[in-house]
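> My questions will all concern the structure given below.
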Amino acid sequence: MSAVPQPTISLASRNFKSLPAPKTLLKTLSSSHSLTHFKQIHAQILRSNHSHSHSLILKLLLSSPSLTYSLSIFFHLPHPLPSISTPFLRHLSRSSKPELAFFVYQRLRNEGIRIDRFAFPPLLKAAATVGGLAEGKEIHGFGFKSGFDSDPFVQTGLMAMYLGCGRLLEARLVFDKMSYRDIVTWSIMIDGYCQSGLFDDALELFEEMKSANIEADKFIFSSFLSACGRAGNLDYGKAIHDYIIQNDLVVDAHLRSALVTMYASCGCMDMAQQLFDQMTPKNLVVSTAMVSGYSRHGRVEDARLIFDQMLEKDLVSWSAMISGYAESDQPQEALRLFNELEVLGIRPDQVTMLSVISACARLGVLDKAKWIHLFVDKNGFGGALPINNALIDMYAKCGSLERARGVFEKMTRRNVISWTSMINAFAMHGDANNALIFFHKMKEAHIEPNGITFVGVLYACSHAGLVEEGKKIFTSMINEYKITPKHEHYGCMVDLFGRANLLREAVEIVETMPLSPNVVIWGSLMAACQIHGETELGEFAAKRLLELEPDHDGALVLLSNIYAKERKWQDVGELRQLMKERGISKEKGCSRIELNNEVHEFLVADRNHKQADEIYDKLDEVVNQLKLVGYAPNTGSVLVDLEEEEKREVVLWHSEKLALCYGLINGRKDPCIRIVKNLRVCEDCHTFMKLVSKVYGREIVVRDRTRFHHYRDGVCSCKDYW
DNA sequence: GAAAAGATGT
């Protein structure tokens, strides 16, 4: 713990004739807001003969606009009694800087000043809030020595402290030793299990509580429900709801909020909407929960409807709507909303900024990214760790690995997320070498990699064909780091072997993995088969995939392509019919290009752009130029129900080619053409980009669904391995 | 004199 700042007392107010009475001073304190004014009053008190008045000192401590200033006042009190220190501790523990309570505690301990048992709940609350296990344990030890550890309030505080530090077992130990437990005690312990997703333990305890004749209150149900929502556990959530109905419990606004939130987080929007409709008036929190529920489940328009109907909106609701657009892949709308917020003069907070940065990352426009970065720095968010982590990701996804690295290098503190973001950045740009170097550096810096870090590292290996390295890392993840592989890890391994044409090994992973293969796994295997022309296995994988997700467009297209190749026209016909009936088509390709601070969007065969004629003329010219160096359109990736000639046209009108031609026409100042595409780049476009980079001497950066391609002088950074 | 709950983010 570092030193505490000394008080600087301004003696600016010399023009008073007589000293005010304590009552007047107390009143002045309540109305004083600025620190300067506050210091003046403090000086008055010091010069008066009331400086020993307990109530005045306490009022000073609790009403100072600066916590560090009140801490320095406290440090100048000669021998503070519990009647001063305990309320002060409570004040600090509820403040925005609960850790300041530890300074007070340390002073009292160092100087052997009396601490009463009422001081323990606030101290433990501070430790619980900041997750300070070391401080919490020290306070626990001192409480034990002082004989306060049998006090139920101290014990409940201890439980909350251990739970706040993630120590479920220690909390339970305290709980089991308690001789008197009230509803708060039970609530905290049950909430502890809920927070960790241990619903069975929570319910078991809930039953025990009922046996102990303690009546459940709305707090318990709220925490149950919120935990169910976070864990996406609809079954338990419904069970709690049923219990509430069956027992005819009063559902107040708070509890109804919790119910709506639970249903909304579990994606059960009909149920959420039904409960929401019954609410009058609809409060801010519950409306916000509906906004985030709808947008998280791909219904951002419904979210917007509720957002627009809200009579009052606070920063949280704005943030929820902004992040809704960001996550629904409508980053432009997210940024537009952020602009609106600016116009209204509402200051964004860190969470808003994280959503905005994430929107910018999805948009992939480097100019916008630079602008956001400036905004972040200007508004004082630049020092925050989560912000910098998000900036790394943003720059990487906007195509600037250098800037991502720049942010990383400048950071004074880095956590797992910082390192993981940087590793992912390298992986995304096909720089597996640096991804692995940073993985090692991270370990040298004593930052423990987590499951997500390994996804990034394995992804880097699979996209660079580093089979042996990938195998080693996968094994060390399990054996050394004791991380149980999840679907994404197995997916990376299937990808790693599949891309390297080791399909037998890939199948072995699928067959031996302890989890049941999901859409991602079958998708990886299917993609590998597609690359290596393994029709039989590809057909098998596609069929398994369709069992899990009958509308998967990729699998349907692949299957029909396989059948077409094998001339099984009847199967092709059936599949086409099925797709028509269900209204399934390949997701429309869409490409964006940034030019002169404007973003231009193109769809396949798009003619909406105002310079469309020019663009198509340019395309003809480029195609003719490329044909001179041997280019021939490759139609392998086009949907089946077209004639060969039509396919050739469609492939030429792919959105990224249109965006590229627009870039060639207009962006002569910028040495680099940056394009963002929503789907994977097709074989033909990949070749096309390489040739253009050579023939036209331009650098082209294309972001596709998962990664970047840097084309320069006829070569792509992915080494044609993507 | 004391301890618990609902919405946003990497």
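> Report, by chain and number, residues whose modeled amide H sits under 5 Å from the one on A:Glu699, excluding near sequence neighbours (fewer than 5 apart, same chain).
A:Ile673
> Computing the accessible area with a 1.4 Å probe over protein heavy atoms, can you report the carbon and sulfur percentage for chain A?
Details: 18260 of 35340 Å².
For chain A, the apolar C and S fraction of the accessible surface comes to 52 percent.
> Just going by the charge dipole of chain A, with Lys and Arg at +1 and Asp and Glu at -1 on Cβ, which of A:Ile531, A:Gln44, A:Thr706 is farthest out on the positive end?
Selected residue: A:Gln44.
> Report, in whole Å, the centroid distance computed from the Cα atoms of the stretch A:451-465 and the stretch A:201-215.
When both Cα centres are located, 46 Å separates them.
> So which of A:Lys588/A:Lys690; A:Lys368/A:Lys610; A:Lys657/A:Lys719; A:Lys443/A:Lys482 end up more than 18 Å apart, counting from Cα to Cα? If you can, show how the numbers build up before the last one.
Numbers: A:Lys588/A:Lys690 23 Å; A:Lys368/A:Lys610 23 Å; A:Lys657/A:Lys719 20 Å; A:Lys443/A:Lys482 15 Å.
Pairs exceeding the cut-off: A:Lys588/A:Lys690; A:Lys368/A:Lys610; A:Lys657/A:Lys719.
> What is the helix-to-structure angle for A:120-130, meaning the angle in degrees between its Cα long axis and the longest Cα principal axis of chain A, kept from 0 to 90 and rounded to the nearest 10?
20 degrees
> Calculate how many DSSP beta bridges within chain A are antiparallel, expressed in % of all such bridges and rounded to the nearest 5.
Rounded to the nearest five, the antiparallel share is 75 percent.
> Another question, if that's okay. Note the angle between two axes, namely the Cα long axis of helix A:612-628 and the longest principal axis of the Cα atoms of chain A, as a number of degrees from 0 to 90, rounded to the nearest 10.
The two axes meet at around 60 degrees.
> Compute, for the stretch A:590-716, the length of the dipole vector about the Cα centre, with Cβ point charges of +1 (Lys, Arg) and -1 (Asp, Glu) only. Units Debye, rounded to 20.
680 debye
> Mind giving me the FRET efficiency for A:Lys586 and A:Asn608? R0 is 22 Å, r the Cβ-Cβ distance, nearest 0.05 is fine.
Once rounded, the FRET efficiency stands at 0.65.
> Give the residue list of trypsin sites (Lys or Arg not before Pro) in the stretch A:452-539 that are DSSP loop and have at most 16 other beta-carbon atoms within 10 angstrom.
When the trypsin sites (Lys or Arg not before Pro) of the stretch A:452-539 are filtered for loop state and at most 16 Cβ neighbours within 10 Å, A:Lys482, A:Lys486 remain.
> Can you compute the charge dipole magnitude of chain A about its Cα centre, using +1 on each Lys and Arg Cβ and -1 on each Asp and Glu Cβ, nothing else charged? Give it in debye, rounded to the nearest 20.
Dipole about the Cα centre, nearest 20: 3560 debye.
> So what's the angle, to the nearest 10 degrees on a 0 to 90 scale, between helix A:487-499 and the longest Cα principal axis of chain A?
In chain A, helix A:487-499 runs at an angle near 30 degrees to the longest axis.
> Further question on the same structure: What relative contact order, as a whole-number percentage, does the stretch A:187-321 give when Cα pairs under 8 Å and 6 or more residues apart are counted?
It rounds to 17 percent for the stretch A:187-321.
> Still on this structure: Roughly what % of Cα-Cα distances in chain A sit above 52 Å, to the whole percent?
Working: 64286 of 260281 pairs.
Across chain A, Cα pairs with separations above 52 Å total 25 percent.
> Would you please put A:314-324, A:445-455 in order of how densely packed they are, using the mean number of other Cβ atoms within 10 angstrom per residue and starting with the highest?
Values: A:314-324: 22.0, A:445-455: 16.5.
So the order, starting with the most tightly packed, is A:314-324, A:445-455.
> OK, next. Report the Stokes-Einstein translational diffusion coefficient (µm² s⁻¹, integer) for the stretch A:485-585, Rh taken as the Kirkwood radius over Cα pairs, at 4 °C with viscosity 1.567 mPa s.
94 µm²/s
> Sticking with this structure for a sec: So for chain A, averaging the separation of alpha carbon pairs under 8 Å that are six or more residues apart and normalising by length, what relative contact order in percent results? All intermediate terms of the calculation are to be shown ahead of the outcome.
Numbers: 979 pairs, mean separation 35.2, N = 722.
About 5 percent, as a whole number.
> Which of the chymotrypsin sites (Phe, Trp or Tyr not before Pro) across the stretch A:90-160 are loop residues per DSSP, with 10 or fewer other Cβ within 10 Å?
Numbers: sites: A:Phe102, A:Phe103, A:Tyr105, A:Phe118, A:Phe142, A:Phe144, A:Phe148, A:Phe153; in loops: A:Phe148.
Here no loop site has a sparse enough neighbourhood.
> OK, next. With every protein chain left in place, what is the accessible area per residue of chain A in square angstrom, probe 1.4 Å?
In whole numbers, chain A has 49 Å² accessible per residue.
> So what are the ³J(HN,Hα) numbers for the stretch A:586-591, from phi and the Karplus equation (6.51, -1.76, 1.60; θ = phi - 60°), rounded to whole Hz, Gly and Pro as x?
These are the phi-based 3J(HN,Hα) values: 4, 3, 5, x, 9, 10 Hz.
> Still on this model: Counting only DSSP beta bridges with both residues in the stretch A:590-716, what percent are antiparallel, rounded to the nearest 5?
The answer is about 75 percent antiparallel.
> If you keep only loop residues by DSSP, which trypsin sites (Lys or Arg not before Pro) in the stretch A:518-608 have at most 13 other Cβ atoms within 10 Å of their Cβ?
On the way: sites: A:Lys543, A:Arg544, A:Lys565, A:Arg567, A:Lys568, A:Arg576, A:Lys580, A:Arg582, A:Lys586, A:Lys588, A:Arg592, A:Arg607; in loops: A:Arg567, A:Lys568, A:Lys586, A:Lys588, A:Arg607.
Passing sites in the stretch A:518-608 are A:Arg567, A:Lys588, A:Arg607.
> From the helices alone, meaning DSSP H stretches of at least four residues, give me the mean residue ellipticity at 222 nm for chain A, per-run term -39500 (n - 2.57), in deg cm²/dmol to the nearest 500.
Details: 38 runs with 468 residues, N = 722.
The helix-only estimate for chain A comes to -20500 deg cm²/dmol at 222 nm.
> Over the stretch A:590-716, calculate the relative contact order: mean separation of alpha carbon pairs under 8 Å at least 6 apart, over the residue count, as a percent.
Once divided by the residue count of the stretch A:590-716, the mean separation gives 27 percent.
The values are calculated or read from the model by the stated rules, or taken from the named source; none is laboratory data. Keep in mind that this is a model prediction, so the values were computed, not measured. Counting neighbours? That spans all protein chains shown, and the Cβs are built from the backbone with ideal geometry, glycine included. Heavy atoms of the whole protein, side chains included, go into the accessibility calculation; ligands, DNA and RNA do not. Shrake-Rupley method; radii C 1.70, N 1.55, O 1.52, S 1.80 Å.
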